[in-house]
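A.B. asks: Below are the structure tokens for one structure; questions will follow.
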Amino acid sequence: MHLDLKAAFTAKQVARKTNKKVETKQEAQKIAKVQEQEEKIRQDLVEKKFKLPLVLYKLKDNVRSISCALGLAESAKSTVSNCSAAICVYIEKKERLRQDAWFLGL
């Protein structure tokens, strides 16, 4: 009985360590993906011209790029619709942005 309990305990410890390694690896992958997305947004700020109407930008990264390019405070947790609404309000207030080549389509 005592040996069975010890074997079961050892097996659970091994399983916990394995799960922890998997969770650590998954967390590292999530962090790498977020960093990759942030880098793409930074590149878009410099290189991308937003020629399409705002409603055609469906990807969150694209909308966040526009938001960052306009200097709006945004969060990675913001939804596409919240960012889009903030962008629309901002552009309506800024007449010069409607003629700016970077934001021509918005």
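A.B. asks: What residue, among those in region 62-90 that are modelled with pLDDT under 80 and either among the charged types (D, E, K, R) or touching a strand residue (DSSP E or B) at 6+ places or on another chain (Cβ under 8 Å) (or both), is farthest from Val34 (Cα to Cα)?
C.D. replies: Among residues in region 62-90 that are modelled with pLDDT under 80 and either among the charged types (D, E, K, R) or touching a strand residue (DSSP E or B) at 6+ places or on another chain (Cβ under 8 Å) (or both), the one farthest from Val34 (Cα to Cα) is Glu74.
A.B. asks: Moving on. Condition test on Val46, is it at pLDDT below 85 and loosely packed, with under 10 Cβ neighbours inside 10 Å?
C.D. replies: Details: at pLDDT below 85: yes; loosely packed, with under 10 Cβ neighbours inside 10 Å: yes.
Taking the combined requirement at face value, the residue satisfies it.
A.B. asks: Right, another one. Across region 81-99, which residue is surrounded by the most Cβ atoms within 10 Å (Cβ to Cβ) among those that are under 17 Å from Asp61 (Cβ atoms) and without any contact (Cβ under 8 Å) to a residue 12 or more places away in the chain? Talk me through it step by step, then tell me what you get.
C.D. replies: First, pick out the residues of region 81-99 that are under 17 Å from Asp61 (Cβ atoms): 81-84, 86-87.
The next check asks that each one be without any contact (Cβ under 8 Å) to a residue 12 or more places away in the chain; those that pass are 81-82.
Working: Ser81: 9, Asn82: 14.
Among residues in region 81-99 that are under 17 Å from Asp61 (Cβ atoms) and without any contact (Cβ under 8 Å) to a residue 12 or more places away in the chain, the one surrounded by the most Cβ atoms within 10 Å (Cβ to Cβ) is Asn82.
A.B. asks: A further question follows. Would you point out the residue of region 12-27, among those that are open to solvent by 60 Å² or more (accessible area, probe 1.4 Å) and either under 21 Å from the mean Cα position of the chain (by Cα) or hydrophobic (A, V, I, L, M, F, W, C) (or both), that is nearest to Lys77 (Cα to Cα)? Spell out how you get there, then give the answer.
C.D. replies: Pass one, region 12-27, residues open to solvent by 60 Å² or more (accessible area, probe 1.4 Å): 12-14, 16-27.
Next cut, either under 21 Å from the mean Cα position of the chain (by Cα) or hydrophobic (A, V, I, L, M, F, W, C) (or both) only: 14, 22-27.
Values: Val14: 36, Val22: 25, Glu23: 22, Thr24: 22, Lys25: 22, Gln26: 20, Glu27: 17 Å.
Of everything passing the filter in region 12-27, Glu27 is nearest to Lys77 (Cα to Cα).
A.B. asks: Does Leu3 satisfy being surrounded by 10 or more Cβ atoms within 10 Å (Cβ to Cβ) and either under 13 Å from the mean Cα position of the chain (by Cα) or not polar (S, T, N, Q) (or both)?
C.D. replies: Numbers: surrounded by 10 or more Cβ atoms within 10 Å (Cβ to Cβ): no; either under 13 Å from the mean Cα position of the chain (by Cα) or not polar (S, T, N, Q) (or both): yes.
Here the answer is no, as Leu3 does not meet what is asked.
The values are calculated or read from the model by the stated rules, or taken from the named source; none is laboratory data. Note that the structure is a prediction, hence the values are computed from the model and not measured. Backbone-built Cβ (ideal geometry, glycine too); neighbour counts: all protein chains shown. Protein only, heavy atoms only, side chains kept; ligands, DNA and RNA dropped before computing areas. Shrake-Rupley method; radii C 1.70, N 1.55, O 1.52, S 1.80 Å.
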